[in-house]
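The values are calculated or read from the model by the stated rules, or taken from the named source; none is laboratory data. This structure is a prediction, so every number in the text was calculated from the model and none was measured. For neighbour counting, all protein chains shown are included, and Cβ atoms are generated from backbone atoms with ideal geometry for every residue, glycine included.
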Ligand code: 9MR
């Protein structure tokens, strides 16, 4: 490798946050996890701890310990902290039964949730995924409990409510919209409409779960550039690279490294301001618990292996970001 500087340093010199989406347990129990996160990454996202289900064990109580552990670590290590996610249709609390509420009561419930959570982390969370995955794969607005009860404008409402209590940058976050796809067009149109109506949206998060399919980097470049032309910041928010079990390349680590390198280069050149991967090491990957993974996908998807040793993908990203 051409540099002895770590990921966080080379990225910082290029004005790019490099981060990891993490859970609370390895942070509490694994010194190597803490050390690698602090030394190599300049941004951190709680993978689930800030979602409604994990946060709210009952209607009237919040369990903030896991979220605070991650946010506090980020603040203590001068990291860029991404909150994820105020409004999502998954990982809802088990006690939450929409039929217990009228539409007006659901609106009040969701507004109270956004105000409570975003308000609590005011000044400590730098960016929020305010709404996650509101667009369906065919480009229509996903029929969720929030859409059904509050109507299509629940997306705008969520951003307005978050902006009333938080100084964070406010993001829309989704998958399948990283390259120029039908869904990306729908996300673009959604965000352009919100901006036209002065809804306080600051950025778009592109998850980039490259599981089998790897969105074309040049198409990602064009897509990022058009979101930037809208006046939005763009961040890659949950990147991982695994392979279709039926289509594993001869040298998967090399293919993975090349793809991470290409995405890092496009990110830099097209003006992304963060590249966040979906975990610190392969041992922490959410894919190990993803139902489809063992059957349909394979591979260790991140930059560090399960013993926190840098992989070829790590070297490739560092080299891509290091000054020429
Ligand atoms: O990392 C999250 C994992 O811990 C959860 O079990 C899983 C539940 O679906 O969600 C993972 O994160 C999701 C993220 O919040 C939104 N993008 C898709 C990710 C995988 O579902």
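Observations, loosely collected:
- All positions within the stretch 42-58 that are more than 16 Å from the ligand (Cβ to nearest atom) and either touching a strand residue (DSSP E or B) at 6+ places or on another chain (Cβ under 6 Å) or modelled with pLDDT under 95 (or both): 42
- Exactly one residue among 149, 85, 69 is buried (at least 22 other Cβ atoms within 10 Å of the Cβ) and in contact (Cβ under 8 Å) with a residue 24 or more places away in the chain, and that residue is 85.
The rows are residues; the columns are (1) over 20 Å from residue 8 (Cα atoms); (2) touching a residue at least 60 places away in the same chain (Cβ under 8 Å); (3) within 14 Å of the ligand (Cβ to nearest atom).
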| residue | (1), (2), (3) |
| --- | --- |
| 231 | yes, no, no |
| 240 | no, yes, yes |
| 243 | yes, no, no |
| 265 | no, no, no |
| 280 | no, yes, yes |
| 283 | yes, yes, yes |
| 287 | yes, yes, yes |
| 299 | yes, no, no |
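- Here is the figure for the stretch 270-289: residues that are assigned to a loop (DSSP other than H, G, I, E, B) and farther than 20 Å from residue 36 by Cα total 3.
- Pair list, Cβ under 8 Å, 6 or more apart: the stretch 118-135 residue at pLDDT below 95, other residue within 13 Å of the ligand (Cβ to nearest atom): none
- Residues that are surrounded by 13 or more Cβ atoms within 10 Å (Cβ to Cβ), in a strand (DSSP E or B), within 16 Å of the ligand (Cβ to nearest atom) and at pLDDT 95 or above are absent from the stretch 92-109.
- The single condition among (1) under 21 Å from residue 267 (Cβ atoms); (2) in contact with a strand residue (DSSP E or B) (Cβ under 8 Å, 6 or more places away or on another chain); (3) not in a helix (DSSP H, G or I) that residue 179 does not satisfy is (2).
- Residue under evaluation residue 254, criteria (1) closer than 24 Å to residue 320 by Cα; (2) under 19 Å from the mean Cα position of the chain (by Cα); (3) away from the ligand (no atom under 14 Å from the Cβ); (4) outside any loop (DSSP other than H, G, I, E, B), criterion not met: (2)
- Residue that is surrounded by the fewest Cβ atoms within 10 Å (Cβ to Cβ), among those in the stretch 191-229 that are touching a helix residue (DSSP H, G or I) at 6+ places or on another chain (Cβ under 6 Å) and not in a helix (DSSP H, G or I): 200
- For residue 137, the conditions (1) surrounded by fewer than 17 Cβ atoms within 10 Å (Cβ to Cβ); (2) more than 16 Å from the ligand (Cβ to nearest atom); (3) farther than 20 Å from residue 159 by Cβ are fulfilled apart from (2).
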